[in-house]
Structures are given as C-alpha cells and as structure tokens.
Amino acid sequence: MPEANGPLLEFEAVNTFYGDLHVLKDVCYIIGRGEIVSLLGGNACGKSTTMKTIMGIVRPASGAVRFDGVEIQQLSTAERVRRGIAPVLEARRLFPRMTVFENLEMGAYIHKRGPEFEADVERVYARFPRVKERRNQLAGTLSGGEQQMVAIGRALMARPRMICMDEPSMGLSPLYVEQVFEIIQQINADGISIFMVEQNASMALQIAHRAYVLQTGRVVLSGTAKELRDNPAIREAYLGELQVPAPA
Amino acid sequence: MTTASLLLQQLINGLSLGAMYALLALGFTLVYGILELINFAHFNVFMVGTFIAMWTLEGLGLSGQSVILHGPALIAVLAAGFAVTMVVTGVLGVGIERFVLRPLRDVKGPAAMITTIGVSYVLFNVILLFVGAGSQNFPNPMPQARFNIAGAVIELREVLIWVVAIVLMLALTFFVQSTKIGRAMRATAQDPEAARMMGVEVDRVIMTAFFLGSALAGAGGMVFGLYYNYTSFIVGFTAGLRAFTAAVLGGIGNVPGAMLGGIVIGLIEALGSQFVGASWADVVIFSILVLVLVFRPAGLLGRVAPNKS
C-alpha cells in the first residue's frame, strides 16, 4: 500500500472549468484516513464540481487529484469506484424504477456476486431495518429519508474506503437529518473516510473533524471543525440563524 | 368468408405483422432508452438483415421455395439462419455505434440523429449497388401446412413467427431484468451519471444496447423474408417507419411498450387493410399515432419524463 500514512485523498492546485467558466480555482484539499471532512459554502461556489472532480465526471484542467498516494485525475469513473471511492449523490439519485434491492445490487456493481455480497446486503439491512422492509419496493416510491438510507446503503455495498456525500441532509425532515448525521458518524467509526458537501453548516461542523470553506471556487478558510465553529466570520455567514444568544 | 371469420383472419395476420414490428421496435427503444437517440440506421440494419438471412439460407442449400424441409432438419436450418443473421446484424449495429456514433457522443444537438440517417442511406446504397434494384426471391423451406379454425387459416410460417418473437422477447426481458449488464442498462437509462458512479462502463452498456437491438432487427429481417418470400433494398423504409411508430406508440424507451406498440400497429395494419382499404393502411396507422400522441404524449406505456436537471 503506497504511503500508508499519507492522506487518503488530496487535491493539489486543482483547476476545473465548465466551458469558459472557471469553477475550481487552485483548490487544495486533504482528507486524511479515517477523517470526516466537510466542505462548506454557498450556492454555485464549486461544491458539486468538487464532487464531480473526485468521481471523474469532470476532469480538472490542471492540478493533481491523488487517492491513496496515486494520481487519479486521468482515471475513469469506474476505476475510481474500484479503488474505493463511493458517492452518495445530491438528491439521492437512486434508480427510481428499480427496486431497493436492485439499487443495492448496483452499488455492488464493481464486485462479483458471492457470499461477500450476501454479507454486505445483510450488514446494510442490519444498519437500516427500513431498507430491509422496503427491499422489494421501487426506490422512487420511498420517502426522502428512506431514500437517503438506501443511497448510503448503496454506497456501502461498494466496500468503499471513502464516501463522498453531496448534501446528505438536503430535503430531509429534521428527525432524518439527525439520523443521517448519526449514521455518518457510525460509518466513519468503521474506518471509512467521509468527504461531505453540506449546506447545513452547524450540523456538519458538529460531526466533522475538519472543514474547508469554498467561495466562488476558492478555498478561503480551512481548519478543524472547532476552529471554524469559533470563527466569527463563519458564525455570521453560515451559522447565523442557528446561533444561540449568549446568556447575559 | 363471413365477417367474423374475416375479422379472425385479420387478427391472425395482424399478430404476425405485429410480432415483426415489435422485434424491430425494440431496437429503437433500447437505443433511445439509453442515449435518447433516434437511430434511423435501424431501418436499414433490418433491410440488411433480410439479405444476410437470404444469403445464409442459400448458403445452407436452399433456393427459392423449391427445397422443403421437415422436422429436425427444418428447425436446424431455421435456427442457423436466425443465429447467423442476428450475430451479423448485431455486429453491424455495434460497428455503427463504435465507429460512427461514438465520436459524436458528446456533440450536442441533432448531429448524431442526422448521422444515423446518413448511415441508413449508406447501407441502402451499398445493397442497391451490389444486389441491384430488383426484388429477390427469399428462400423458404417451410411446408405449406395450414390449420383451419372457425373459417380462418393459420399457416405454419405464422406459427413460426409467433414462436420466434415470443422466445426472443422472453429472452430479452430476462436479459434486461436479471443479468448484471441488463441491470446496468436499466440503471443507465434511468440515470446515466449515477450509473457511471456505480462503476458502470457506459460504453459497454451502449454497445450492448446496439448489439441487442440490431440482432433483433436481424431476426425481424428473417421473419420478413419468410413471411413475404421476397426482399429488396427498399424494404427497410415501410417496415422501419411502422416499427418506429410502434415504439413511439408504446412509449419510446419502454421495452414492454415497444412489444405492445408493435402488436397494435400490426393489428391496425391488418384490420385497416381489410375494413378500410389496403392503400389506407398507413393513413390509419399514422392517424392513430397522432391521436395517441395528442392524448398520451408519452405513449401507451410511457411515463412523462421528469425534468433532468
């Protein structure tokens, strides 16, 4: 295993374009082994482009993306999945007219069918009893919260080393948001690194170890979650409404 | 013949035509489902299929209707004819995708669709150049067995068409529903980007769709030859257009929809020819298409597609 102690995922001066639009500007991130790293920022600041750059849906114009010490920016999406990066996509993006079980099968697409697959399915069912109940239902008929469970289960089926989550709390009821963040911590405790784009900054900073703040395609701030929580600029920009007034 | 037995007879004819259109419609729908591309080359892949089938059967020693086979020999010759034709047209479809359409994959707009029209003309003219414009006598080794029911006649060739169509459609359904690559095809049709991020190699899925669709067109081509006992360079247009209509009628992109649409178009053609007039068949077919699209724009079994953001 190359550089077993180096970062798991690393962006080095990455620039990504959509046509003429310069979306990511000299972006650097480091996601360590076993870390939860959160990416904060407003709309259209490059968060989703970051996810697409990691997954190989868009290729950077310059810079390096390394996973486990190996440059991956030229590799196909499938190859990246095989190396251990799995996505939980924005708005879940389940295959709506496939059953929940078939969605899990798609999550395990890179693996051969066998006893390990069965064990993975059982682990997902054990973690998400609701997913087991709904296994023969079309994924499109599930509630948003249930779909998010399936989306996370689907990512786990790939036996990933890192999961990239794009807005895991978006469109969920507060109860489910709470639950999703708990699950993220459990998954992380099992040794899977998490890179998470999230609008809900206060929740994200509660579970993340570190975070980056992205503004119009540039990393403007980074640090441990505690540092960011205590940063007055962050409190104003991202935690504003959720700030509890200090007791007089 | 009484009106009732005429009706029955035309239902039988319509099912045979419909089975052929369904085989052909599946190719449009498989490719559209994945690429949202209307593949007009499919018309003439089918036409080439009729010729491949003809040459294969001739290569097996048949000529015209003079050699009649029975039992296992008949089944073996027909099976070999279908197998060779389907593999050749399947490879032709994959070749069209790989060398003509793939370079245009990321070009927006109608370029790829226009290109399929061009490919269609190339196939059309290649056959015209090498075979000529005349109709070719299509070999048919089947005995003239007929079954009478209630005043209507079912011929052996019609039974064959139904059996072939049912077997191929069941095989396709099994493939799409229960194999790994079939699942990847469905996933890609529903959300190509998400499928990619599951590790699906989309190029392989697209090639598979072209292979299957073109192989089914080849089977349809052989069915056409056995049904009409002739072929020519021009047969792709009428059959192709009706099959395309069938795919749209059933809900393009929808596999059961293509099967249903094919049967419906076949029945409309047969009944329309009988009760409205043969020269009005296309008028009836396309009028019904227009009506269906006005009231059910997504087709009989289609869903209204959600907006992809």
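With a simple spin-label model that places each label point 7 Å from the Cα along the Cα-to-Cβ direction, the separation between A:Arg159 and A:Ala233 comes to 4.4 nm. Taking the inverse of the mean reciprocal distance over all distinct Cα pairs, the Kirkwood hydrodynamic radius of the stretch B:24-235 comes to 18.2 Å.
Computing FRET efficiency as 1/(1 + (r/R0)^6) for A:Lys112 and B:Ala278, where r is the C-beta to C-beta distance and R0 is 60 Å, gives about 0.60.
Among B:Leu260, B:Leu17, the order by Cβ neighbours within 10 angstrom, fewest to most, reads B:Leu260, B:Leu17. Between the stretch B:122-148 and the stretch A:156-171, the C-alpha centres lie 56 angstrom from each other.
Debye calculation, C-alpha points only, no solvent: report log10 I(q)/I(0) for the protein assembly as shown at q = 0.06, 0.08, 0.09, 0.12 Å⁻¹, in the same order as the q values. So the normalised log intensities are -0.40, -0.64, -0.77, -1.09.
The GluC sites (Glu not before Pro) of the stretch A:1-100 that meet both conditions, a loop assignment by DSSP and at most 15 other Cβ atoms within 10 Å of the site Cβ, are A:Glu3. Counting only other chain Cβ atoms within 10 Å of each residue's Cβ, the peptide B:189-195 averages 6. Counting every other Cβ atom within 10 Å of each residue's Cβ, B:Trp280, B:Trp162 order from fewest to most as B:Trp280, B:Trp162. Between B:Thr188, B:Thr238, B:Phe147, the Cα set farthest toward the positive side of the dipole of the stretch B:118-242 (charges on each charged residue's Cβ, about the Cα centre) is that of B:Phe147. Length gained on full extension, B:Val153 to B:Ser178, computed as 0.36 nm times the residue gap minus the Cα-Cα distance: 5.2 nm.
Computed over the alpha-carbon atoms, the stretch B:118-242 gives an Rg to Rh ratio of 1.09, Rh here being the Kirkwood radius from the mean inverse distance. Between the beta carbons of A:Thr216 and B:Ala111, assuming R0 = 51 Å, the FRET efficiency works out to 0.90 to the nearest 0.05. Looking at the stretch B:90-185, none of the GluC sites (Glu not before Pro) sits in a DSSP loop with at most 14 other Cβ atoms within 10 Å of its own Cβ. Note on the stretch B:119-188: Cα Rg divided by 2.2 N^0.38 Å, N the number of residues, gives 1.76. Taken residue by residue and averaged, Cβ atoms of other chains lying within 10 Å of the Cβ of B:196-207 number 6. Cβ-Cβ distance of A:Phe17 and A:Glu182, R₀ of 41 Å, FRET efficiency by 1/(1 + (r/R0)^6): the value works out to about 0.60.
Bear in mind these aren't lab numbers, they're just calculated from the coordinates by the rules spelled out. All values derive from a computational prediction rather than experimental measurement. Here the Cβ is made from the backbone with ideal geometry for all residues, glycine too, and neighbour counts use every protein chain on show.
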